Amino acid sequence: MKAALLVIDMQNDYCHPSGKMAKVVKHDISPITKMIPRLNAFIEQAREMKIPIVFTQMTDSANFVPENARRKILELGDIELTKPCTWGYDLLIKPAKGEFVFEKNYPDAMTSKKLVSYLKKNKFDTLIITGVNTHACVDSTVRSAFSLGFNIIVPSDLVACPRKFSQAQKEILKICQLLFAEVRPSEEVIKELKLT
């Protein structure tokens, strides 16, 4: 197994109590904020084990995305969520030196040709997918990455979404386990990685 850790969209607007998801959209993001310390600890363990870590950064603002995505954003009401060059766009969890950040304009991280090229060039066969939002970006990335031939591991306690979508997250993780991924607690994932 040659694994990479993919950290999806851990940006201020999605994950910080002062971000737009909490302040403007008025979502209860407590499931996300509770997950962050666990994800930070997992990332540190992955760094100690020399597992490559890549981050994605989502643009969810109508003036910076392709036309079809723009229409969906405008339907929902564009609040310039994760607008480039703003604090809300910045990553809450910072990459270390030598770790890569790939920008994306769709929920599915595999739409980033640069990300897919990096993963293929480095011959990764397994992706450990973490981050937000489970009901959108995590789910679409898991499915797409599986279709591209990657083995997928989803640490169930290292993905999150606003409380409004908690039930959807439970169902999504069940479907992921059934069809696309190995879904289990991060503690078990670390144990497996230490054995490889």
Legend entry - Subset tally (residues that are surrounded by 24 or more Cβ atoms within 10 Å (Cβ to Cβ) and part of a helix (DSSP H, G or I)) for the stretch 131-157: 7
Inset, instruction - Answer with yes or no whether Leu76 is hydrophobic (A, V, I, L, M, F, W, C), free of Cβ contacts under 8 Å to residues at least 40 places away in the same chain and either on the phi < 0 side of the Ramachandran plot or surrounded by 15 or more Cβ atoms within 10 Å (Cβ to Cβ) (or both). - result: yes
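Count, please, the residues in the stretch 151-171 that happen to be among the β-branched types (Val, Ile, Thr) and touching a Cys at 6+ places or on another chain (Cβ under 9 Å).
2
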Legend entry - Close pairs (9 angstrom Cβ cut-off, 6 or more residues apart or separate chains): under 20 Å from Arg184 (Cβ atoms) and modelled with pLDDT of 95 or more in the stretch 115-131, polar (S, T, N, Q) and in a strand (DSSP E or B) anywhere: Asp125/Asn151; Thr126/Asn151; Leu127/Asn151; Gly131/Thr56
Inset, instruction - Find all pairs meeting these conditions: Cβ atoms under 7 angstrom apart; at least six residues apart or on different chains; first residue within the stretch 170-184 and more than 12 Å from Asn151 (Cα to Cα); second residue charged (D, E, K, R) and modelled with pLDDT of 95 or more. - result: Ile172/Asp139
Inset, instruction - State the number of residues belonging to the stretch 36-50 that are surrounded by fewer than 21 Cβ atoms within 10 Å (Cβ to Cβ) and either touching a helix residue (DSSP H, G or I) at 6+ places or on another chain (Cβ under 7 Å) or assigned to a helix (DSSP H, G or I) (or both). - result: 10
Inset, instruction - Name the single residue, out of those in the stretch 1-20 being of a type in the set (A, V, I, L, M) and in a strand (DSSP E or B), that is farthest from the chain's Cα centre (by Cα). - result: Ala3
Legend entry - Test set (1) farther than 16 Å from Ala46 by Cα; (2) surrounded by 17 or more Cβ atoms within 10 Å (Cβ to Cβ); (3) out of contact with any His (no Cβ under 8 Å at 6 or more places or on another chain) - Leu91 fails condition number: (2)
Legend entry - Conditions (1) under 30 Å from Lys194 (Cβ atoms); (2) β-branched (Val, Ile, Thr); (3) surrounded by fewer than 17 Cβ atoms within 10 Å (Cβ to Cβ): number failed by Ile53: (3)
Inset, instruction - Scan the stretch 27-56 and report the pairs whose first residue is within 13 Å of Glu187 (Cα to Cα) and whose second residue is modelled with pLDDT of 95 or more and not hydrophobic (A, V, I, L, M, F, W, C), with Cβ atoms within less than 6 Å and a gap of 6+ or a chain change. - result: Arg38/Asp157; Leu39/Thr130; Phe42/Ser186
Legend entry - Number of positions in the stretch 116-130 that are surrounded by 20 or more Cβ atoms within 10 Å (Cβ to Cβ) and of a type in the set (Ser, Thr, Tyr): 1
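The values are calculated or read from the model by the stated rules, or taken from the named source; none is laboratory data. The shown structure was predicted, so the numbers you read here are calculated from the model rather than taken from an experiment. For neighbour counting, all protein chains shown are included, and Cβ atoms are generated from backbone atoms with ideal geometry for every residue, glycine included.
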